[in-house]
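Here's the structure, in structure tokens; my notes come after.
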Amino acid sequence: MTRAIKVFTVHYMQKEIYEQPNAIKNTLTGRISHGQVDLSELGPNADELLSKVEHIQILACGTSYNSGMVSRYWFESLAGIPCDVEIASEFRYRKICRAS
């Protein structure tokens, strides 16, 4: 944590919020270039494996649930992959109906 952030944030969560832009930048650096996503870190068959994804299920609680809701929007609108987001603690009690 940088000293500037330490001085100006009252709470740990506030520090985390301020660090998000750099965290995202650091995560994506070297993975996206000229509009192309580099999946080489996922292995030689990453493109093939990911192209077979038909549905995404996200289980989360609290602020992670909110992130999951945003992720659902991006998965569905950009990748065209249906996505559901569920509260993790409630998921185990559901009867899952799957299309055959």
(message) I need a count of the residues in the range 1-36 that are modelled with pLDDT under 85, surrounded by 10 or more Cβ atoms within 10 Å (Cβ to Cβ) and of a type outside the set (S, T, N, Q).
(response) 3
(message) Could you list, ordered by first residue, the pairs with Cβ atoms under 8 Å in which the first is in the range 82-95 and closer than 10 Å to Ile58 by Cα and the second is among the acidic types (Asp, Glu) and surrounded by 10 or more Cβ atoms within 10 Å (Cβ to Cβ), at least 6 apart or interchain?
(response) Cys83/Glu76
(request) Would you mind listing the helices (runs of 4 or more DSSP H) fully within the range 1-70 where at least 1 residues are in contact with a Phe, Trp or Tyr (Cβ under 9 Å, 6 or more places away or on another chain) and either under 26 Å from Ile87 (Cα atoms) or of a type in the set (Ser, Thr, Tyr) (or both)? (result) 12-28
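The values are calculated or read from the model by the stated rules, or taken from the named source; none is laboratory data. The structure presented is a predicted model; accordingly, all values stated were derived computationally and were not measured. Positions of Cβ are backbone-derived with ideal geometry, glycine not excepted, and every protein chain shown enters the neighbour counts.
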